[in-house]
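Contents: one structure, followed by commentary.
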Amino acid sequence: MPDPDAQLDEAIAAISDPERLRAALDLVARAAPGLQRVLTAALADGGWFDTAHNAAVREAVSSDEVDERVRAVRTLTAEETRLSMLVGVAVGFELARELGSRVESQAHGPAATDPHEED
């Protein structure tokens, strides 16, 4: 049985090819409006940008010290970016799974079931 970590490393190496990455970026750009709605909903459902986030923004900009304010805003931006990327990856994984199950269903005819569904 293939090692999942090795398979992941091979897949990452494959998409590191500039031409392949460019094609993926083009695809994402075309799908961006729909993906943006899903990402926004996922972030909202997870409570990532709620009252606590608004308090963190207020705290980041409240310092009288300019250097401290800049540091706090940079830190907050980096944290938001990391979080959004992780949620975006989760959305991407689920999208790939959904597309894969549709391709598999089409290949096996209309009677095929989703292999990811629980009985």
I'm told residue 48 meets every condition in (1) modelled with pLDDT of 85 or more; (2) within 16 Å of the chain's Cα centre (by Cα) except one. Can you identify the failing condition by its number? (1)
Contacts under 7 angstrom Cβ, first residue in the range 77-104 being under 21 Å from residue 53 (Cα atoms), partner small (Gly, Ala, Ser) and assigned to a helix (DSSP H, G or I), 6 or more apart: 87/42
Being surrounded by 10 or more Cβ atoms within 10 Å (Cβ to Cβ), hydrophobic (A, V, I, L, M, F, W, C) and within 18 Å of residue 94 (Cα to Cα) is true for just one of 57, 61, 28. Which residue is that? 28
In this structure, does residue 81 turn out to be under 13 Å from the mean Cα position of the chain (by Cα) and hydroxyl-bearing (Ser, Thr, Tyr)? yes
Any residue in the range 3-13 that is of a type in the set (D, E, K, R), surrounded by 11 or more Cβ atoms within 10 Å (Cβ to Cβ) and either under 30 Å from residue 99 (Cβ atoms) or within 14 Å of the chain's Cα centre (by Cα) (or both)? yes
Pull up the range 64-76, narrow it to residues that are closer than 17 Å to residue 52 by Cβ and surrounded by 14 or more Cβ atoms within 10 Å (Cβ to Cβ), then point me to the one that is farthest from the chain's Cα centre (by Cα). 72
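The values are calculated or read from the model by the stated rules, or taken from the named source; none is laboratory data. Everything numeric in this text was worked out from a predicted model, so none of it was measured. Positions of Cβ are generated from backbone atoms using ideal geometry, with glycine treated the same way; all protein chains shown enter the neighbour counts.
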